[in-house]
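The structure appears below as structure tokens.
Derivation of every value follows stated rules applied to the coordinates shown; laboratory data play no part. These numbers come from a predicted model, not from an experiment. Cβ placement follows ideal geometry from the backbone for every residue including glycine, while neighbour counts extend to all protein chains displayed.
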Amino acid sequence: MQKKLSELKTGEKAIIIQVQGSGALRRRLLDMGLVRGTEIEMVRKSPLGDPLEFLVKGYNLSLRKMECENVYVEVKQ
Amino acid sequence: MSEKIKELLGEEAEVLLAEKRYEVISRILPKVLKGKKPLTRSDLLDKAFLNKYLGIPVFLALWWALFRFTFDVSAPLSDLIDMVFGRLGEIASMSIQNEQLASFVADGLIGGLGSVLVFIPPIFFLFFGLAILEDSGYLARAAFVVDRVMYKLGLHGKSFIPMLLGFGCNIPGIMATRTIDKEEDRILTILVNPLMSCSARLPVYVFIGGAVLGGYAAAGVYSMYILGIVLAVLMALLFRRIIPYFKGKPSAFILELPMYAMPTLRSTLAHMWERGVLFLKKAGTIILLATVVIWALSAYPWGAVHSGDEPLIEASYVGFLGHAIEPIFRPLGFDWRATVALFFGFVAKEIVVDTFGVLGLGGAEELQQVFNPVTGLAFMAFTLIYIPCLATIGVIYRETNSWKWTVFTVVYGVVLAYFVAFLIVGIGGMLGY
């Protein structure tokens, strides 16, 4: 099932399909390792609900929901 | 060119580059790294520190600890420095024969140096504490916890710590903005930081409020803190709207949460030293220079000021200035003495209290002749908002590296102070004061 990264539930794992968005933001996301085919796991929400924390390539990355809207993923079963 | 690449390869160059780079990395990685990522101590700590219910209490507790550490531990040292320089000044003024030179050395030079050096203990302790939080990996998590609130206010998650530190002293608060990456977010945080009511303003509130607000003194003092926070939020939102430089949203929040690590004493001390010495070099020289100028304005013309046993401030250039700009402050109900006090408060806000003393308004009864409850409250608000102290201005210049933003902070502070004080007097007038 395809989703936006911002729609992943806590503990859910997915594979990145595509990263969209404007120049600088997109490049930054790519630099942080959010490239096609990468596995990403939603670890937790911030206590106030936003930003979100992900486990990607063995490290912990935090993104606002808004920034996650640009990333499309395929949820792993 | 980039169109051509997209046409030939079906993707943009930067995407392909990133993918290829990570492809190479993932080919090498399995050869050198064995096994799955275990559940580390770091993950366990995060289960507590970033927990839905515990996250915020932990955040507040750690900040509180840093705050107390910075200001409580350093207070005796600051007092000591204050005392030593007071002594040095006395010795200098007694041992130098020439009256003018003695006054220059004692009040101008040594007094100025003392006013720079009293800031060293809180600044070094703050940087020590911040370095521990940073090296341990918690600082990134603090931004993660609080980003949502700050974002709504037009600021960044990393703006929070500078704002809180501002309640102790705006200098370390402004210096702590260094952790904010994007220049626009950082400068905006610096601009509104002086509205956080620092500890030097408290004596003024207590002094004026205690004298003229009667049973409402405590509420009056407390309301100043709230007023500062409300104004900081409003100004941040306003500046985002109207100043083209700040247009747009706070920068993206793409932040690695590093593994927790035990900070080493060596790197913590190195951090502290590096940042602390910068403050001394840059801000220190400005503060020292300005203190000397203000000394000169209050000590000359020499003959007129020093005709009696006690220096007569009214006869000095500062007194002259107070009388000259008094009409501007008339609508707020401030007389020339209040004006002079505000002028000296520019050096350091706690000096406002001393100045009232020197001008013969040291007691509650005398103050009540100058202020009624409404103009007293207006004066407190004015003290909160107008020009940050000299040391803070020095640091704002140092941190923004721009006279434009430094002057802007001073000007908007004065205008806002006047506006708010005027509003208080106006509303008070309508209520019958």
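Starting from the Cα gyration tensor of the range B:195-274, take the square roots of the eigenvalues, sort them a ≥ b ≥ c, and report rounded, prolate or oblate (rounded when a/c is under 1.5, otherwise prolate if a/b is larger than b/c, else oblate).
Taking the square roots of the gyration eigenvalues as a ≥ b ≥ c, the range B:195-274 is oblate.
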Cα extents of the range B:113-264 along the three principal axes, largest first, in whole Å?
53, 41, 30
Residues whose placed amide H lies under 5 Å from that of A:GLN18, excluding near-sequence neighbours:
A:TYR72
Within the range A:1-57, DSSP-loop GluC sites (Glu not before Pro) with at most 16 other C-beta atoms within 10 Å are A:GLU12
Only Cα pairs under 8 Å and at least 6 apart count here; give the relative contact order of chain B as a rounded whole percent.
15 percent
Residue-span extension gain [B:LYS182 to B:ASN372] - 0.36 nm each, minus C-alpha spacing:
63.8 nm
Taking every residue in B:141-148, how many Cβ atoms of other protein chains lie within 10 Å of its Cβ, on average?
5
Cα-projected label distance for A:GLU74 with A:LYS4, points at 7 Å along beta-carbon direction, nm
2.1 nm
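Past the 29 Å Cα-Cα mark, which pairs from A:LYS13/B:LYS182; A:LYS76/B:LYS247; A:LYS57/B:LYS47; A:LYS76/B:LYS20; B:LYS34/B:LYS158; B:LYS52/B:LYS158?
A:LYS13/B:LYS182; A:LYS76/B:LYS247; B:LYS34/B:LYS158
DSSP loop (so not H, G, I, E, B), at most 11 other Cβ within 10 Å: list which trypsin sites (Lys or Arg not before Pro) in the range B:181-264 pass both filters.
Working: sites: B:LYS182, B:ARG186, B:ARG201, B:ARG240, B:ARG241, B:LYS247; in loops: B:LYS182, B:ARG201, B:LYS247.
Sites meeting the loop and neighbour criteria: B:LYS247.
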Please compute, for the alpha-carbon atoms of the protein assembly as shown, the extent along each of the three principal axes and give them in descending order in Å.
89, 55, 49
Extending each Cα 7 Å along its Cβ direction at B:LYS4 and B:ARG41, get the distance between those two points in nm, one decimal.
5.6 nm
Computed [θ] at 222 nm, deg cm²/dmol, the protein assembly as shown (DSSP H ≥ 4; -39,500 (n - 2.57); rounded to nearest 500):
-20500 deg cm²/dmol
Spacing of the two label points (7 Å from each Cα toward its C-beta) at B:LYS247 and A:ALA24, in nm
1.4 nm
Taking 0.36 nm per residue of separation between B:ARG21 and B:TRP403 and subtracting their Cα-Cα distance, the length gained on full extension comes to 133.2 nm
Residue order, fewest to most surrounding Cβ atoms within 10 angstrom, among B:TRP403, B:TRP273:
B:TRP403, B:TRP273
Give the aspartates and glutamates reachable from B:LYS6 as a straight Cα distance under 13 Å; neighbours fewer than 8 places away on the same chain don't count.
B:GLU14
Among B:SER159, B:SER115, B:SER199, what is the fewest-to-most ranking by other Cβ atoms within 10 Å?
B:SER199, B:SER115, B:SER159
Using amide H atoms built 1.01 Å from N in the peptide plane, name the residues 5+ places from A:ARG44, or on other chains, whose amide H lies under 5 Å from its own.
A:GLU53
Here the alpha-carbon Rg of the range B:364-433 over 2.2 N^0.38 Å rounds to 1.39
Throw me the Rg/Rh for the range B:1-66, computed over C-alpha atoms with Kirkwood Rh, two decimals.
1.32
With equal scatterers on the alpha carbons only and no solvent term, can you work out the Debye log10 of I(q)/I(0) for chain B at 0.07 1/Å?
-0.43
Across 5 Å bins from the origin, how do the percents of Cα pairs in the range A:2-75 run, short distances first?
3, 19, 32, 30, 13, 3, 0
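Subtracting the Cα-Cα distance from 0.36 nm times the residue separation, let me have the gained length for B:MET94 to B:THR264 in nm, one decimal.
On the way: separation 170, 0.36 × 170 = 61.20 nm, distance 4.77 nm.
So the extension gain works out to 56.4 nm.
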Using Cα-only point scatterers and the Debye equation, what is log10 of I(q)/I(0) for the range B:283-433 at each q in 0.20 Å⁻¹, rounded to two decimals?
-1.29
Which one of B:ILE171, B:ILE294, B:ILE243 has the biggest mean-square fluctuation once chain B is modelled by GNM with Cα springs under 10 Å?
B:ILE243
